[in-house]
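Data first, discussion second: the structure below is written as structure tokens.
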Amino acid sequence: MGEHKELVIGLFGFGVVGEGLYKVLQQTPSLKATIKQVCIKHPGKTRNAPEELFTTNRDALLNDPAINLIVEVIDDAIAGFEIVSTALKNGKDVVSSSKKMIAENLPALLELQQKTGRSLLYESSACASIPVVRNLEEYYDNDLLHSIRAIVNGSTNFILTKIFEENLSFKDALLLAQQLGFAESDPTLDVEGFDALNKWTILLLHAYGIVAHPEHILFNGIQNIAKSDALVAKARGQQIKLVAQAKKLINGGVGAYVLPQFVNADSPLSFVKNEYNGVVIESGFADQQFFYGKGAGSFPTASAVLSDISALRYEYRYEYKKLYHHKPHQLNDAIYLKVFVSFTELANIPKEDFEWIEEWHAQESRKYLSGVIALQKLKQNMWWKENGTSLIVEADGIIEDIEERKLKKKSLELAGLL
Ligand code: HSE
């Protein structure tokens, strides 16, 4: 049997994840990984670890030749990128959980890994405890992965569960998510969909070899979902979830978005409650598979960091096979979405943007419509994020055969059936 590499860790950050990792490592002595020093921002705080472990001098870790692994779990994307890139350049392997930093710097991080030959692992950055990055990376060949559909943010799923199933107010549910250590320090990142978007950017790379900037993906959070939307969902036997979607399209490329979506009762995602995450994969021959687990919180996130640390004993690295060894896919925005929109003022809805509108209810104080709209139109014009308007994708929301549907509609109209 080969010798395992002895790991000496320099840890950046001692918040929810950092402290969780510290405790988890104490319970796994067999791993032969020790934390030599922890770099923190605020020295005054009381921490549950010996004082001599801590420093505020990042170079003490980055330039220490005895440290061969940097674990970066801070929530400042700019500082995080500096730390991670310096560590790689200094010949150290890196484990990071900073999804925002990773998603916003994918090209630079890919280049750094190639140049330095060091390994950067970030399993905990998406879906925390669910080993989805390594699974997408290792198991699913490019051509087999038809679609992936997921709940990737624990806090918003927690909030939706608490307000719609336990009648908590949005404010109280968010406060609870913060107290339990699920939410980001700036919770608008969760609530307005940025965190899910960052995770989806990372997973698109490992699922399809797509190097996208988060800015290029259509997204929203749950900030505008109204109680009345939940009542509509209930009446239809559905739920509303913040869903990240990617689908290989008939015409080539991959359609992707992160938006609130109705989920049918028989969908595996409807079982995903509270801070749990879930990933549904449709693949060529295996059909449907479902990954489920805690998507936020100290120990679940630390468990994924621990697994990355453990993988580094065997010098594991992502090969980015779908990017470098296959023909990578591209994002394709030429899709149409079937959406439900609820609003207070008709004047705020650009009817002309829709391909067609199937249903209107304009009498009540909260009005709504169902219709079909181009994803590109939603990207161009943000009316659907403003004035308290709420847009929710229908369960079978992606429409690829728009021309056929238009023709069918036309012939039904001509026959007087519509
Ligand atoms: N704020 C994140 C979430 C933490 O709620 O999913 C885990 O990445």
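The values are calculated or read from the model by the stated rules, or taken from the named source; none is laboratory data. Being a predicted model, the structure only gives us computed values, none of them experimental. Here the Cβ is made from the backbone with ideal geometry for all residues, glycine too, and neighbour counts use every protein chain on show.
Structure summary
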| read-out | value |
| --- | --- |
| Among (1) away from the ligand (no atom under 16 Å from the Cβ); (2) in contact with a Cys (Cβ under 6 Å, 6 or more places away or on another chain), the one test that A207 misses | (2) |
| The one condition in (1) among the small types (G, A, S); (2) in contact with a strand residue (DSSP E or B) (Cβ under 7 Å, 6 or more places away or on another chain); (3) farther than 18 Å from K199 by Cβ that A256 fails to fulfil | (3) |
| Entirely in the stretch 124-203, the helices (runs of 4 or more DSSP H) that have 2 or more residues that are of a type in the set (S, T, N, Q) and within 15 Å of the ligand (Cβ to nearest atom) | 154-165, 170-179 |
| In the stretch 126-167, the residues that are aromatic (F, W, Y) and in contact with a Ser or Thr (Cβ under 7 Å, 6 or more places away or on another chain) | Y140 |
| Lone qualifier among R134, R149, R118 - being under 18 Å from V254 (Cα atoms) and not hydrophobic (A, V, I, L, M, F, W, C) | R149 |
| Strands (runs of 3 or more DSSP E) contained in the stretch 342-418 and holding at least 1 residues surrounded by 15 or more Cβ atoms within 10 Å (Cβ to Cβ), aliphatic (A, V, I, L, M) and modelled with pLDDT of 95 or more | 367-374, 390-399 |
| Flag for V232 being buried (at least 24 other Cβ atoms within 10 Å of the Cβ), more than 11 Å from the ligand (Cβ to nearest atom) and either over 17 Å from Y257 (Cα atoms) or among the basic types (K, R) (or both) | no |
